[in-house]
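Below you'll find the structure, written out as structure tokens, and then a few comments.
The values are calculated or read from the model by the stated rules, or taken from the named source; none is laboratory data. The model shown is predicted, which means the values in this text are computed figures rather than measured ones. Cβ coordinates were reconstructed from backbone atoms using ideal geometry, including for glycine residues, and neighbour counts include every protein chain displayed.
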Amino acid sequence: MKNLSLFILFSSVLGIMIVPIHESFGESIMSPRQQWKQHSEIEKLTCKEDLVLLQKNNGVPACVSPTAYLKLVDRGYGTFDIKIMKNRPSMMNNLMEGMVSNSSIMHHWHEMMERDPTKFETTMKNWIPKMKDNTQLLKNVMGPITSIPELREQMITHMKEHPVMEQSLKNHYDWMESVHEPIMSHGMGQNMNQGMHEEMCQWCPELSHHMKPHHNMGFANSDRMMDIIHHMWIQEEMVFEMHEFMLQSPNHMTEMSEQMMGPMLEFMMDDPDIREQMIDLMLQHEDFMNSIRHSNSK
């Protein structure tokens, strides 16, 4: 009897200790189908961190990666639900990160910006103060432009065509000193090894984007992808969040520069503070400076 009492007491204590842990663990790994059976309302469902909730065309919910989400929507297995995303900011952020890393999706986004100058102007006016406050964001924009030969040649052309920027360069003593220095012996950067580049330009991004094929999912139905973009495009808060992810990604800024560098630089060079920061960064980039140094310098 005494042993039985001890066993019941021990079991009771153990139960108190175990049940909450078990329930918590169960909730953390409960599948969308299990949640669906329990709640039967899509609004009450959730997913593990880094996953996105998709309600398939047959009504069944699924928690998938952002990449899988876009593929499934593209193939017609589900649709983008703005209500689900607006109520789950972290999921929306996961999806935006996936979209920003995809060149074909962002090509459409950039085209919409090009067709809507007001939206583009709003974007740049939002970006300029952010770049002033956080130099790393400006580096994310400047890194690809200064590091990739084709882009920096375009940038030099745009600077020459911008009277205020050109005058700022002429009035900058260090700049004028540097452009009249002899060209550095290591060359223009195309044949420069990665180690040397990192040593000379610590703030430049590792542009693996241009060393590998573009990240492209090969969407079969661009209309469905455009539908996602359009739904986000009319949501001002979502648009600004999307632009945050764009500005934080050097590889994305590479693609945006390739598509619409001129309009971007116009806004940046019109701002006196950004102009000065741009000049300081260019002066740190020997490869870029070699591109503008006079070939007949002594």
Members of the range 264-275 found to be within 16 Å of M112 (Cβ to Cβ) and surrounded by fewer than 18 Cβ atoms within 10 Å (Cβ to Cβ), listed by number
none
Taking first residues from the range 226-248 that are outside the structural domain of F80 (by TED's automatic domain parsing) and second residues anywhere that are surrounded by fewer than 16 Cβ atoms within 10 Å (Cβ to Cβ) and of a type in the set (A, V, I, L, M, F, W, C), the pairs with Cβ under 6 Å that are 6 or more apart or on different chains are H231/I82
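Yes/no matrix, rows are residues, columns are (1) more than 30 Å from D270 (Cβ to Cβ); (2) in contact (Cβ under 8 Å) with a residue 60 or more places away in the chain; (3) in contact with a Pro (Cβ under 6 Å, 6 or more places away or on another chain):
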residue: G78; (1), (2), (3): yes, no, no
residue: N94; (1), (2), (3): yes, no, yes
residue: H110; (1), (2), (3): no, yes, no
residue: M131; (1), (2), (3): no, yes, no
Members of the range 276-285 found to be part of a helix (DSSP H, G or I) and crowded, with 20+ Cβ neighbours inside 10 Å, listed by number
M278, L281, M282
Qualifying positions in the range 225-258 - of a type in the set (D, E, K, R) and crowded, with 18+ Cβ neighbours inside 10 Å:
E255, E258
With respect to Q136, is the statement that it is in contact with a Gly (Cβ under 9 Å, 6 or more places away or on another chain) and part of a helix (DSSP H, G or I) true?
no
Set A68, A62: member being outside the structural domain of M261 (by TED's automatic domain parsing), at pLDDT below 90 and among the small types (G, A, S)
A62
Residue identified as in the same structural domain as E153 (by TED's automatic domain parsing), at pLDDT below 90, more than 30 Å from L72 (Cα to Cα) and under 20 Å from the mean Cα position of the chain (by Cα) among E206, E286:
E206
